[in-house]
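Trainee: Got a structure here, written out as structure tokens. Questions coming.
The values are calculated or read from the model by the stated rules, or taken from the named source; none is laboratory data. Only a predicted model underlies this, so the values are computations on that prediction, with no experimental measurement involved. Quick reminder, even Gly has a Cβ in these numbers, built from the backbone with ideal geometry, and neighbours come from all protein chains shown.
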Amino acid sequence: MTWPSVTIEQYNTFSSSPDGVENTLLFVGNAQNNKGKVLPVNANSDLDELLGTNASPLKNFLQSALTNAGQNAFFYVAVLPEAGRGKEATSACQAWQNAVLAAQETVSVEGVVITEPVSTKDDINAIQALRQTIINKYQRRIWFILTIAANNNSKTWAEYVAELTALQKDIAAPQVMLVPEIFGFEPGVLAGRLCNSAVTIADSPARVATGALSALKTTERPKDSAGQAIDLATLQALATARYSVPMWYADYDGLYWADGVTLEVKGGDYNVIEHVRIADKVARRVRLMAIPKIADRSLNSTPGSIAAHETLFARPLRTMAKSTQINGVTFPGEVKSPQKGDVAITWQDEKTVSISIVVRPYACPKTIKVGIQLDKSLEENA
């Protein structure tokens with residue numbers, strides 16, 4: 001005999017869009033107040049109260065970032081603890097790493113801005129290694145902006161370029177950007193420009209339509225030890241050496257960004273920050289979709305299951321491919337719509353399945369060539 005009954009279950013299809021960490025950055029540096037703490041910051045925050053009334057790179061860069069990010073900007077600040085002495089002393093780079101790792105326990109961010117100057121190859125390599133450490137421990141993908149000290153009239157521009165070229169030589173760090181202070185506060189300006197609410201993560205900081213740079217320390221062209229003002233040739237030499245720098249256009253008002261260059265190897269896919277950001281975003285979205293599929297037999301080796309899940313795992317790409325309209329301007333999607341075969345599922349054995357995903361970014365016009373010709377033919381009725 002079977003006792004009559006009705007059982008109702010609620011199932012979780014994991015179909016909601018997750019909250020993203022895009023456009024949320026962590027600033028790391030020294031300040032007068034709140035040493036050793038991680039603080040949230042937005043446009044309404046009183047930086048004098050949070051960080052102290054004394055000027056500091058952390059405070060200056062943060063204010064520049066908030067100004068350039070525009071509406072609804074939101075960041076975190078990790079204030080370095082009091083420096084130890086003697087046997088308790090730690091190197092500056094180790095202090096940065098400790099602060100970033102400690103912040104992972106309470107916050108999740110897309111990128112990190114180190115506001116203290118980086119001066120050695122070992123420091124740069126250590127920060128790139130820190131990204132892999134965070135991936136291994138927290139499954140989070142983070143890119144970095146590292147500050148490079150200004151010239152400060154101590155060298156000629158040629159000597160400054162030579163020194164910085166040697167600093168980055170032979171380093172492979174595709175998720176690290178080196179940003180020298182030329183006009184002042186550039187790391188904060190770049191961070192804010194990347195998080196500007198009027199653009200997407202797929203847009204280059206070089207986009208002129210975003211507007212001129214603001215909140216630099218000065219817009220006057222700085223001079224070197226010989227009294228020579230910086231010129232475009234010097235900035236181009238720094239950009240060629242994989243530094244992210246500002247620039248200007250002749251007979252065009254304002255300062256703009258040259259490009260968001262990373263320390264990628266020659267021929268690598270991630271030589272600009274916008275490619276890093278879209279790949280990281282896809283990785284975050286796909287991971288959250290893959291976790292609920294662990295030991296779920298709906299994902300199996302039958303052709304029907306493989307086809308259904310190839311469509312399923314293409315969902316982040318389809319979402320990111322949707323065009324958006326911001327301030328009356330239509331932006332294409334962050335990536336192109338996925339094509340057939342862009343998501344491929346392969347069973348390696350009865351317990352291991354491999355999912356390969358192809359992400360297709362849009363082309364971006366950073367060099368525009370215009371040809372002009374005359375038509376001097378006479379009209380037929382002349």
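Trainee: Can we say ARG131 is assigned to a loop (DSSP other than H, G, I, E, B), crowded, with 17+ Cβ neighbours inside 10 Å and either assigned by TED's automatic domain parsing to the domain that holds LEU232 or of a type in the set (Lys, Arg) (or both)?
Mentor: no
Trainee: While we're on this one: Name the residue, out of ASN196, ASN125, ASN136, that is at pLDDT 95 or above, within 26 Å of ASP19 (Cα to Cα) and surrounded by fewer than 23 Cβ atoms within 10 Å (Cβ to Cβ).
Mentor: None of the others qualify; the one that does is ASN136.
Trainee: I'd like the full set of residues that are closer than 18 Å to ALA363 by Cβ and in contact with a helix residue (DSSP H, G or I) (Cβ under 9 Å, 6 or more places away or on another chain), limited to region 296-328.
Mentor: LEU317, MET320
Trainee: Could I ask something else about it? In region 225-233, is there at least one residue being crowded, with 21+ Cβ neighbours inside 10 Å and modelled with pLDDT of 95 or more?
Mentor: no
Trainee: Check SER108, SER154 and return the single one that is of a type outside the set (D, E, K, R), assigned to a loop (DSSP other than H, G, I, E, B) and under 24 Å from GLY260 (Cα atoms).
Mentor: SER108
Trainee: Another question, then. So, ARG207, is that one out of contact with any Ser or Thr (no Cβ under 8 Å at 6 or more places or on another chain), closer than 30 Å to LYS351 by Cα and either at pLDDT 95 or above or hydroxyl-bearing (Ser, Thr, Tyr) (or both) or not?
Mentor: The answer is no for ARG207.
Trainee: Please list, ordered by first then second residue, the pairs with beta carbon atoms under 6 Å, 6 or more apart or interchain, first in region 90-103 and of a type in the set (A, V, I, L, M), second assigned to a loop (DSSP other than H, G, I, E, B) and surrounded by 19 or more Cβ atoms within 10 Å (Cβ to Cβ).
Mentor: ALA95/LEU80; ALA99/LEU80
Trainee: Would you call THR262 surrounded by 18 or more Cβ atoms within 10 Å (Cβ to Cβ), touching a helix residue (DSSP H, G or I) at 6+ places or on another chain (Cβ under 8 Å) and either at pLDDT below 95 or acidic (Asp, Glu) (or both)?
Mentor: Against the criterion (surrounded by 18 or more Cβ atoms within 10 Å (Cβ to Cβ), touching a helix residue (DSSP H, G or I) at 6+ places or on another chain (Cβ under 8 Å) and either at pLDDT below 95 or acidic (Asp, Glu) (or both)), THR262 does not qualify.
To keep it simple, each residue is scored yes or no on (1) in contact with a Pro (Cβ under 6 Å, 6 or more places away or on another chain); (2) of a type in the set (Lys, Arg).
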| position | (1), (2) |
| --- | --- |
| TYR256 | no, no |
| GLY260 | yes, no |
| GLU264 | yes, no |
| TYR270 | yes, no |
| ALA283 | no, no |
| ARG287 | no, yes |
| LYS293 | no, yes |
| SER305 | no, no |
| LEU317 | yes, no |
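Trainee: Filter region 324-382 down to the residues that are without any contact (Cβ under 8 Å) to a residue 60 or more places away in the chain and among the aliphatic types (A, V, I, L, M) and list them by number.
Mentor: Of everything in region 324-382, those that are without any contact (Cβ under 8 Å) to a residue 60 or more places away in the chain and among the aliphatic types (A, V, I, L, M) turn out to be VAL343, ALA344, ILE345, VAL353, VAL358, ALA363, ILE368, VAL370, ILE372, LEU374, LEU378, ALA382.
Trainee: From ASP19, ASP48, grab the single residue that is surrounded by fewer than 18 Cβ atoms within 10 Å (Cβ to Cβ), assigned by TED's automatic domain parsing to the domain that holds PHE185 and without any contact (Cβ under 8 Å) to a residue 60 or more places away in the chain.
Mentor: ASP48
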